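Working notes, beginning with the structure itself.
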Amino acid sequence: MSLAQPEYLSGVSSLYGPGLIGGWFCTITSFIITNALIPEERKQGKFSNDLLFILTIPVAASGHALYCFAASISAGKMPPESVAKIAAALSVCNAYIFVSSALIFAISSPEKEISKRVATVIPTVADDTQAASGSLRASFMSIVGNLCYLTSVCILCWTSIRCMKEGFADKDALIHLRPPTVSILTTAISVSTAILVTYYRIRSENHYRTPTKKWLDIAFIPINSFSNISFDILMLVHHGRNMVHGRYLFFLPQTACSIRDIDQWLSLLVGLITILFSIRDVIQTRRQSA
C-alpha cells in the first residue's frame with residue numbers, strides 16, 4: 001500500500017493541509033510565547049481564542065478519525081482511502097499529544113520546581129495535571145490529550161486484531177496509522193516522565209500523611225506508565241523490519257493539498273502574523289517592566 005499516490009489522498013480533508021496545520025503550530029507557538037514570557041497573561045488564566053482554536057483542531061481530528069473508522073467497520077474493510085483519512089487525523093492527534101506537555105509547562109507557575117512543572121508529559125500521569133499547574137486550562141489540555149491518545153489506541157488495537165484475523169486492512173496500514181518514530185518517542189518520554197515524577201514524589205514529604213500512602217502512590221506511577229507504553233511497545237514489535245518504511249514527518253498529515261493553495265498559504269500567513277504579535281507583546285511588556 002502506497003499512500004503517496006494522489007488517488008489515495010484525494011479524499012483527505014483540506015483541514016489537514018500543510019498551511020492550516022502549519023498555522024495551527026504557529027498558534028501553539030504564539031500561545032506558548034505569550035504565557036511563558038508574560039506573567040500577567042499566565043496569571044489571568046483566561047480561555048483565549050488562540051487556546052480554543054488549539055484545542056478544537058485535535059478534538060475535531062479525533063472525532064473525524066473515529067467516524068471514518070466506524071464507517072470502515074460497517075463496510076467490513078479499510079481501503080487505502082480510509083487509511084489515508086484516518087492517518088491524517090491521527091497525525092494531528094499525535095502532534096497534540098506531544099505539544100500539550102509544552103502548553104501545560106507554559107501556563108504553570110515558574111516558581112514551582114521543574115520536576116513538578118513537567119509532571120504531566122501526556123499521557124503518562126494525567127492525575128498530576130492540577131498539581132502541576134492548578135489551572136482549569138491545564139485540565140482541558142490534559143483531557144484533550146488523553147482523548148487523542150485513547151482514539152489512537154482504540155483504532156490501532158482494533159485494526160491490529162482485525163488485520164491478523166480477518167484481513168480487515170493491509171498490515172502496512174499500521175505503519176501509516178502509527179509511525180514507529182511516534183511509538184519510540186512516546187515510550188522514551190513516558191519512561192523519563194515516570195522517573196521524574198517518582199523523584200518528585202519521593203522528595204514530597206509534606207504531601208502525605210502516612211508513609212504507606214506515599215509509597216503506594218509512588219508504586220502506581222510505573223504501573224500506570226507501563227500500561228500506556230505497552231501499546232507502543234506492541235506496535236514496535238509488530239512493525240519489526242518494516243520500521244524503516246514509516247513516515248518521518250509524522251506530525252504533518254499527508255494530503256493532496258499544496259501550500260500553494262490559497263486557503264493553505266493564507267492560514268499559514270495568519271499563523272505567522274500571530275507569532276509576530278506575540279513577540280511584540282513580549283517586547284512591550286519587558287520595556288514597561290524595565
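The values are calculated or read from the model by the stated rules, or taken from the named source; none is laboratory data. Nothing here was measured: the structure is a model prediction, and the numbers come from that model. So basically every Cβ, Gly included, is an ideal-geometry build from the backbone, and we count neighbours across all protein chains shown.
Would you call S101 in contact with a helix residue (DSSP H, G or I) (Cβ under 9 Å, 6 or more places away or on another chain) and either at pLDDT below 90 or surrounded by 22 or more Cβ atoms within 10 Å (Cβ to Cβ) (or both)?
Numbers: in contact with a helix residue (DSSP H, G or I) (Cβ under 9 Å, 6 or more places away or on another chain): yes; either at pLDDT below 90 or surrounded by 22 or more Cβ atoms within 10 Å (Cβ to Cβ) (or both): yes.
Yes.
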Exactly one of (1) farther than 24 Å from I21 by Cβ; (2) at pLDDT below 80; (3) of a type outside the set (F, W, Y) is unmet by P123. Its number?
(1)
Subset tally (residues that are without any contact (Cβ under 8 Å) to a residue 60 or more places away in the chain and not in a loop (DSSP other than H, G, I, E, B)) for the range 42-51
3
Give me a count of the residues in the range 41-94 that are at positive phi and in contact with a Ser or Thr (Cβ under 9 Å, 6 or more places away or on another chain).
1
Going residue by residue through the range 63-86, is there one that turns out to be closer than 24 Å to S190 by Cα and out of contact with any Lys or Arg (no Cβ under 9 Å at 6 or more places or on another chain)?
no
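Evaluate the range 16-32: report whether one residue or more is surrounded by fewer than 16 Cβ atoms within 10 Å (Cβ to Cβ) and either of a type in the set (A, V, I, L, M, F, W, C) or touching a Pro at 6+ places or on another chain (Cβ under 9 Å) (or both). Working first, answer last.
At the first step, the residues of the range 16-32 found to be surrounded by fewer than 16 Cβ atoms within 10 Å (Cβ to Cβ) are none.
Checked the range 16-32: no residue is surrounded by fewer than 16 Cβ atoms within 10 Å (Cβ to Cβ) and either of a type in the set (A, V, I, L, M, F, W, C) or touching a Pro at 6+ places or on another chain (Cβ under 9 Å) (or both).
Based on what the data block shows, is A65 hydrophobic (A, V, I, L, M, F, W, C) and more than 22 Å from the chain's Cα centre (by Cα)?
Values: hydrophobic (A, V, I, L, M, F, W, C): yes; more than 22 Å from the chain's Cα centre (by Cα): no.
Spelling it out, it is not the case that A65 is hydrophobic (A, V, I, L, M, F, W, C) and more than 22 Å from the chain's Cα centre (by Cα).
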Run S133 past the list (1) modelled with pLDDT under 50; (2) surrounded by fewer than 24 Cβ atoms within 10 Å (Cβ to Cβ) and report the number of the one that doesn't hold.
(2)
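Among the residues of the range 244-260, are any at pLDDT below 65 and more than 19 Å from the chain's Cα centre (by Cα)?
yes
Starting from residues that are surrounded by fewer than 19 Cβ atoms within 10 Å (Cβ to Cβ) and either closer than 18 Å to F251 by Cα or touching a helix residue (DSSP H, G or I) at 6+ places or on another chain (Cβ under 6 Å) (or both), keep the ones in the range 46-58 and report whichever is modelled with the lowest pLDDT. So that I can check it myself, show each step before the final result.
Residues of the range 46-58 that are surrounded by fewer than 19 Cβ atoms within 10 Å (Cβ to Cβ), as a first pass: 46-50, 52-53, 56.
Now restrict to residues that are either closer than 18 Å to F251 by Cα or touching a helix residue (DSSP H, G or I) at 6+ places or on another chain (Cβ under 6 Å) (or both): 50, 53, 56.
Numbers: D50: 89, F53: 93, T56: 95.
Filtering first and then ranking leaves D50.
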